[in-house]
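Contents: one structure, followed by commentary.
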Amino acid sequence: MKISYRWLQHYIDISESPEEIGQVLTSTGLEVESVEPFETVKGGLKGLVIGEVLTCIKHPNADKLSITTVNVGSDKPSQIVCGAPNVAAGQKVVVALPGTMIYPMKSEPFTIKPAKIRGEQSEGMICSEDEIGLGNSHAGIMVLSPSAKNGTLASDYFKIDSDFVFEIGLTPNRADAASHLGVARDIKAVKKRSVNFPSIENFKVSNTNLTIPVTVEEPDLCPRFSGVSIGGVKVKESPDWLKDRLKAIGLAPINNIVDITNFVCHEMGQPLHAYDVKEIAEKKIVVKNLPAGSIFKTLDGKERRLTATDLMVCDGEGKGMCMGGIFGGFNSGITEKTTNVFLEGAYWTPSGIRKTALHHGLKTDASFRFERGTDVNLTVYAVKRAAMLIVELADGQIASELVDIYPNKIENVSIDVKFKNVDRLIGKKIPHEEIFSILNRLEIKVSEKTENSFTASVPPYRVDVVQEADVVEEILRIYGFNNIELSDHVKADFLASFPEKDITRFKKSVGAMLAANGFYEVLTNSLTNIAYKDKIKTEGEAVEILNKLSEEQGILRQTMLFSGLEVCAHNINRKQRDLKLFEFGKIYRKSSGVDELNKYIEEERLALYVTGDIETKNWQNKTRSVNFYDLVQSVKHILERSGVEKIKQEAMANSIFEYGTRILRGNKELGTFGKVKNALVKEFGIKQEVFFADLSSDLLFKSANPKFVVQEVPKFPEVRRDLSLVLDNHVKFAEIEALARTTEQRLIKDIIAFDVYEGDNIQKGKKAYALGFTLLDENKTLTDEEIEKVMDKLMGAFEGKMGAVIRK
């Protein structure tokens, strides 16, 4: 659930920072999972100022460009090259100064930098509205009122609103806090401040021209139904303040009437529904069950088959207009043609809402609140509050007396509480007056006070407080868990030990994984041929053995490569040419320092060697030679087993590799891998390609953070779509994947390249990728329209940013 910090401030005096308020709410049981900044325009127009175009001349080297000088309120005008056709001297414009991050409506953010454009210096950018997120127009630059003052911050000029939004992990028992006023009540209880509820004193009935009788046939399922008619409304766009409030909590503004119902729902926790009066047949409303199997078309355009227990709001002809407390009907909703509105605010029995919502698979803001329990005493207040807003923002008039059908009043819950149980459950004696004060701030009335007990009268909206222990919990959460001192005798025991990280276990785990993937472990001598030290460039000086027995074992190895190539050659010479080998070992070198204690350095390494065919030939399968990507997959498995995250890769070539990749974590190199140079391989008598990975097992171990990830099996089906792209042959799959995931961050679950082609059938210097995209929405089944929209967006990104040609 999202709660706006600025919105909260309308109801309660808050001087604390959002972070401090987040801690207060968490301490009361409303766990704040995050506090995120919100701006009505992305980036908040930071770095943008108002400027005046002083001069404007044609660019000498470009027909469509102009050179301008702009007064941005500083001592010296800025020279800016502009490509807009409507730029002219004397205009007041929006200017992005160097260093400003721009957030366009339809492309990725970028930073403005000083640059030379066709030989002329440009110190900023004169902006159009779509370039800074203020609109969709790209016809030309924005031209502002001549009264705009030079140097004014654009955020001040356009009144950009900023806010902080709390993401609260609302537990099912705290339905009372599913609104801004509900959250404000908890702050009030802790901080001992008053909550200012919006006034409805000016609610006034102008006429009774739209009186609509209401009948409730199932009072057990709808104990209270309140409503009123508003005539002469004008359905239009909501004012900015209302749109900003809704956008802050993730709701898209629709029109002033619908926005008001959503606003009041999130303001006080009472869902409302607005009906177009002209769609209410016979101008009567009946709340009843329809026959099982009846078809009802909901606002989303879907036809739903009703059960006999689904409570419906119907018109005088018995046609359903709304699935009570859950979802409105397709034909009775508010449109631009609506002129008269009937506003409903009801209390629905939670069990009935849960049953209907579960049967139809519907989860709405309304059902979320009703199935947990709303405030039966709030319906009239909420209807009046929304009606007054509609009068104010839609030019309407209240055109009926307020309807309030409430045959069986729901009383407060009366609970007897003993002080000895309060002390026992809390673990501390709290003064009686403090207990009474806390309950009073929580709107729980206290009566029948004695030396040993009292009676708590709990209002109906606190659906979770039904017994003595619940009242004690209310006292404790406001008093503060942190204010309960620990006893000297409190202790804690662990059922299991927590062993320290062990590199031996780490090696065993990685080795077992490699063995399961067809690798054999080898163990070679750390002493190696002295001739190897000059074959490749390595860091540091070789460590020579003072009393060496032979030149073949004259130095400590500086790389794992040569001992591994010796093993490969030995096996290949004995007709074992298909090899997948790994070794944990050490390499050595002299330090460049002069400290005798630290003169020599040894490092733990993990080496992989892959050569030959990917699998043994047989009559069923055609085999192929191993390639670089087989080694990439093995390295990826090692990183995944280790749980190493936040790595980056760089292409490289050095004295060992013809081509390869370096893996970095921060500024530390985890290792390198690639194809060993043919010249090195041939020196060992090997006539086939060898791929080699050299990883730091020390750094892998220190960076290891193994995770066991469990997630639900998706409830909705995945969708596979394929694309064939022709790109420059230097474009790597990783770049394609990164662009795709940036373009569509929510629905893409997997991307594979199932074919790559370079040859005579496509242009020289190009290659073709055949890509498979797996799409999944975890909340619903994807429609063809949604899938095509994603694929169109991806194709546009590939064409626009990579110059791709889509093969159809």
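The values are calculated or read from the model by the stated rules, or taken from the named source; none is laboratory data. Since the model is a prediction, treat every value here as computed from it, not as a measurement. Positions of Cβ are backbone-derived with ideal geometry, glycine not excepted, and every protein chain shown enters the neighbour counts. To get the accessible areas, we keep the full protein, side chains included, count just its heavy atoms, and leave off ligands, DNA and RNA. Shrake-Rupley method; radii C 1.70, N 1.55, O 1.52, S 1.80 Å.
Just so you know, in the range 352-382 the residues that are outside any loop (DSSP other than H, G, I, E, B) and among the polar types (S, T, N, Q) include one that is most open to solvent (accessible area, probe 1.4 Å), and it is Asn377. Within the range 307-319, residues that are outside any strand (DSSP E or B) reach partners that are of a type in the set (Asp, Glu) with beta carbons closer than 6 Å, at six or more positions or on different chains, in the pairs Gly316/Glu282. For beta carbons closer than 7 Å, sequence separation of 6+ or different chains, a first residue in the range 674-685 that is more than 15 Å from Tyr532 (Cα to Cα) and a second that is polar (S, T, N, Q), the qualifying pairs are Gly674/Thr661. Taking residues in the range 423-442 that are more than 22 Å from Lys191 (Cβ to Cβ), and partners anywhere that are open to solvent by 60 Å² or more (accessible area, probe 1.4 Å) and not small (Gly, Ala, Ser), the pairs with Cβ atoms closer than 7 Å and at least 6 places apart or on different chains are Asp423/Lys429. Going residue by residue through the range 173-181, is there one that turns out to be surrounded by fewer than 20 Cβ atoms within 10 Å (Cβ to Cβ), touching a strand residue (DSSP E or B) at 6+ places or on another chain (Cβ under 7 Å) and outside any helix (DSSP H, G or I)? No, there is no match, as no residue in the range 173-181 is surrounded by fewer than 20 Cβ atoms within 10 Å (Cβ to Cβ), touching a strand residue (DSSP E or B) at 6+ places or on another chain (Cβ under 7 Å) and outside any helix (DSSP H, G or I). Among what's in the range 643-667 and is at pLDDT 90 or above and not in a loop (DSSP other than H, G, I, E, B), pick the residue that is most open to solvent (accessible area, probe 1.4 Å). Looking at residues that are at pLDDT 90 or above and not in a loop (DSSP other than H, G, I, E, B), I get Tyr659.
I want to confirm something. Restricting to the range 686-695 and keeping residues that are of a type outside the set (A, V, I, L, M) and assigned to a strand (DSSP E or B), which single residue is surrounded by the most Cβ atoms within 10 Å (Cβ to Cβ)? By that ranking, first place goes to Phe692. Of the residues making up the range 527-555, those that are in a loop (DSSP other than H, G, I, E, B) and open to solvent by less than 30 Å² (accessible area, probe 1.4 Å) are Ile536, Ala542, Gly554. Does Lys617 qualify as being at positive phi and not small (Gly, Ala, Ser)? For Lys617, the condition - at positive phi and not small (Gly, Ala, Ser) - is not met. Looking only at the range 189-205, which residues are open to solvent by 40 Å² or more (accessible area, probe 1.4 Å) and within 12 Å of Asp13 (Cα to Cα)? Hits for the range 189-205 are Lys191, Lys192, Arg193, Ser194, Asn196.
Results for (1) under 24 Å from Ala679 (Cβ atoms); (2) basic (Lys, Arg); (3) touching a residue at least 24 places away in the same chain (Cβ under 8 Å), shown as yes or no for each residue.
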position: Val567; (1), (2), (3): yes, no, yes
position: His570; (1), (2), (3): yes, no, no
position: Phe582; (1), (2), (3): no, no, yes
position: Glu603; (1), (2), (3): no, no, yes
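In the range 696-719, the condition of being open to solvent by 60 Å² or more (accessible area, probe 1.4 Å), closer than 30 Å to Leu581 by Cα, at pLDDT 90 or above and among the aliphatic types (A, V, I, L, M) is met by no residue. Considering the range 314-346, the residues that are among the aromatic types (Phe, Trp, Tyr) and surrounded by fewer than 24 Cβ atoms within 10 Å (Cβ to Cβ) include one that is modelled with the highest pLDDT, namely Phe327. Please determine whether any residue of the range 506-519 is touching a Ser or Thr at 6+ places or on another chain (Cβ under 6 Å), open to solvent by less than 40 Å² (accessible area, probe 1.4 Å) and farther than 30 Å from Thr616 by Cβ. The answer is no; no qualifying residue exists. Take the residues in the range 251-270 that are open to solvent by 10 Å² or more (accessible area, probe 1.4 Å), not aliphatic (A, V, I, L, M) and not in a helix (DSSP H, G or I); name whichever of them is nearest to Ser4 (Cα to Cα). The selected residue is Gly269. The set of residues from the range 279-306 being aliphatic (A, V, I, L, M) and assigned to a strand (DSSP E or B) comprises Ile285, Val286, Val287, Ile295. Residues that are assigned to a helix (DSSP H, G or I) and either farther than 17 Å from Val465 by Cα or open to solvent by 50 Å² or more (accessible area, probe 1.4 Å) (or both) within the range 424-440 comprise Arg424, Leu425, His432, Glu433, Glu434, Ser437, Asn440, listed in sequence order.
Looking at Lys236, Lys297, which is the one that is closer than 30 Å to Tyr11 by Cβ and of a type in the set (D, E, K, R)?
Lys236
Out of the range 641-666, which residues are among the small types (Gly, Ala, Ser) and touching a Lys or Arg at 6+ places or on another chain (Cβ under 6 Å)? Residues satisfying the conditions are Gly643, Ser655. Would you call Val413 in contact (Cβ under 8 Å) with a residue 60 or more places away in the chain and surrounded by 14 or more Cβ atoms within 10 Å (Cβ to Cβ)? It is false that Val413 is in contact (Cβ under 8 Å) with a residue 60 or more places away in the chain and surrounded by 14 or more Cβ atoms within 10 Å (Cβ to Cβ).
The set of residues in the range 457-471 being out of contact with any strand residue (DSSP E or B) (no Cβ under 8 Å at 6 or more places or on another chain) and either part of a helix (DSSP H, G or I) or among the acidic types (Asp, Glu) (or both) consists of Asp464, Ala469. If only residues of the range 211-234 that are open to solvent by less than 20 Å² (accessible area, probe 1.4 Å) and either free of Cβ contacts under 8 Å to residues at least 60 places away in the same chain or in a strand (DSSP E or B) (or both) are counted, the one that is farthest from Pro407 (Cα to Cα) is Gly231. Count of the range 465-479 residues, restricted to those that are touching a helix residue (DSSP H, G or I) at 6+ places or on another chain (Cβ under 9 Å), closer than 21 Å to Glu411 by Cα and surrounded by fewer than 18 Cβ atoms within 10 Å (Cβ to Cβ), is 2.
Looking only at the range 668-685, filter to residues that are part of a helix (DSSP H, G or I) and of a type in the set (D, E, K, R); which one of those is surrounded by the fewest Cβ atoms within 10 Å (Cβ to Cβ)? Among those residues, the one meeting the criterion is Lys682.
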